[in-house]
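The values are calculated or read from the model by the stated rules, or taken from the named source; none is laboratory data. For clarity, every value in this text was computed on a predicted model and none was experimentally measured. Note: ideal-geometry Cβ built from the backbone for every residue, glycine included; neighbour counts use all protein chains shown. Protein only, heavy atoms only, side chains kept; ligands, DNA and RNA dropped before computing areas. Shrake-Rupley method; radii C 1.70, N 1.55, O 1.52, S 1.80 Å.
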Amino acid sequence: MVSYKFLQPYTFKNGAQVKNRVVIPPMTIQSSLEDGSVSRDDLFYAGLRAGGVGMFISPVANVTGDGKGFEGELSVADDRFIPGLAKLAATMKKGGTKAILQIFHAGRMSNSKVLRGTQPVSASAVAAPREGMETPRELSEIEIEQIIKAFGEATRRAIQAGFDGVEIHGANTYLIQQFFSPHSNRRTDHWGGSVEKRMNFGLAVVQAAHRAVAKYAGDHFMLGYRISPEEIEEPGIRLADTLQFIDELADQPLDYLHVSMGNVWRKSLNDDSEKRPTILRIKKQVHNRLPIIGVGSVETPADAEKVMDEGIDFVALGRESLREPQWVEKVARGHEDAIRYQVDPDALDELGLNPALMDFLGQIGTDLRFIGADREKKSGDSVVFDR
């Protein structure tokens, strides 16, 4: 049997140990109840996929009511959600898997329908450059401080619910990224302007979460940060900005950095002359200060091992973990030939893939490779599940 590096254990600097380097990344499954409570579908989906991977990052949970981005989304905005989240954490931790709760605020990537009549908010009153997006209301200084505090409170709730860690969602065009982006952030105060000031919101969120960890958690609780390296908008985030931000993040009280891309080997979106994969440029900037999770278009054991071979510490399986909940177990037992890379349409219930999720995947052009269907692979992108 092949001895894969991704099956080897890892010990974080804080002493937390994971049994292997394979991660289920956060993916939108649209299964929570209308108010954000954990549903039976959430638990069934998690239970099918826990036990094999070293780390399991939950679908994203909003930290405030006006931070909700879409229907069927988890919430960690109030203590009343703790009992349900405790059930989810216990389910995800089955078999020794580490359970991480991803937390966020959608900012302008929401709408008044989802927010039941409330206008979305953001760093500035600039609409996202996508069809049908509403112009958000610019947050006041007091509101910014309240949201930062809400991230800390969400971290406390995750700790009390029994999660092993929290991932701050600073990627995929949501509020933290909106503060970092010169497209969505046109402020001239402490929270905007120069690249250094555009970092302030994200860094303040990290500090708020860390204070909650220091006060409420044990030594081995993990705090991660997810980041998107570039935007295509003009003006927008460019890799030079991100490398500068990452240099700051690497010195924060974080335990890992999760680099969100549709293909782990993607090169620059804005500089065609750049031939180096962005993940390797980020790895060089981090300079071993934090472990890195790579994600995007990783499906086979050979794909995962290639990530390890380049010195990336963890590899995340997005869409493939939907198709094959037992991916790690089959590899570990030498049954690679039994791994599913296609889905039988009649097996969706068995895989915990509900109609809302399947409709969402169709809307965004993501195909699970159905058996018997002549379809092209459109994205292979774990990022799309975060919207």
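Within the range 52-96, the residues that satisfy the criterion of being closer than 16 Å to Gly318 by Cα and either of a type in the set (Phe, Trp, Tyr) or assigned to a loop (DSSP other than H, G, I, E, B) (or both) are Gly52, Val53, Gly54, Phe56, Ser58, Pro59, Val60. Look at the range 1-23: where a residue is surrounded by 13 or more Cβ atoms within 10 Å (Cβ to Cβ) and a partner is assigned to a loop (DSSP other than H, G, I, E, B) and basic (Lys, Arg), sitting 6+ places away or on another chain with Cβ atoms under 6 Å, you get Phe6/Arg21; Tyr10/Arg21. Hey, any hits in the range 140-151 for a residue that's surrounded by fewer than 19 Cβ atoms within 10 Å (Cβ to Cβ), outside any helix (DSSP H, G or I) and free of Cβ contacts under 8 Å to residues at least 40 places away in the same chain? Yes, the range 140-151 contains a residue that is surrounded by fewer than 19 Cβ atoms within 10 Å (Cβ to Cβ), outside any helix (DSSP H, G or I) and free of Cβ contacts under 8 Å to residues at least 40 places away in the same chain.
For Ile279, the conditions (1) part of a loop (DSSP other than H, G, I, E, B); (2) within 18 Å of Phe6 (Cα to Cα) are fulfilled apart from (1). Here Phe44 passes the criteria (1) at pLDDT below 95; (2) assigned to a helix (DSSP H, G or I); (3) not β-branched (Val, Ile, Thr) except the one numbered (1).
On inspection, Lys68 qualifies as of a type outside the set (Gly, Ala, Ser) and under 25 Å from Gly152 (Cα atoms). So in the range 110-127, with the set limited to residues that are open to solvent by 10 Å² or more (accessible area, probe 1.4 Å) and touching a residue at least 40 places away in the same chain (Cβ under 8 Å), which one is farthest from Lys215 (Cα to Cα)? Once the filter is applied, the top-ranked residue is Val126. Being more than 20 Å from Ile100 (Cβ to Cβ), of a type in the set (D, E, K, R) and in a helix (DSSP H, G or I) is the filter here, so list the residues in the range 289-328 that pass it. Across the range 289-328, the qualifying residues are Asp303, Glu305, Lys306, Asp309, Arg323.
Scanning the range 322-354 for residues that are among the acidic types (Asp, Glu), touching a residue at least 12 places away in the same chain (Cβ under 8 Å) and within 25 Å of Lys19 (Cα to Cα) turns up Glu324, Glu329, Glu336. With respect to the conditions (1) closer than 30 Å to Glu299 by Cα; (2) assigned to a loop (DSSP other than H, G, I, E, B); (3) out of contact with any strand residue (DSSP E or B) (no Cβ under 7 Å at 6 or more places or on another chain), Gln285 lacks only one, and its number is (2).
The condition of being part of a loop (DSSP other than H, G, I, E, B), of a type in the set (Gly, Ala, Ser) and at negative phi holds for only one of Ala128, Ala99, Ala158, that being Ala128. Scanning the range 184-199 for residues that are closer than 18 Å to Glu234 by Cα, touching a Lys or Arg at 6+ places or on another chain (Cβ under 9 Å) and among the basic types (Lys, Arg) yields Arg187, Arg198.
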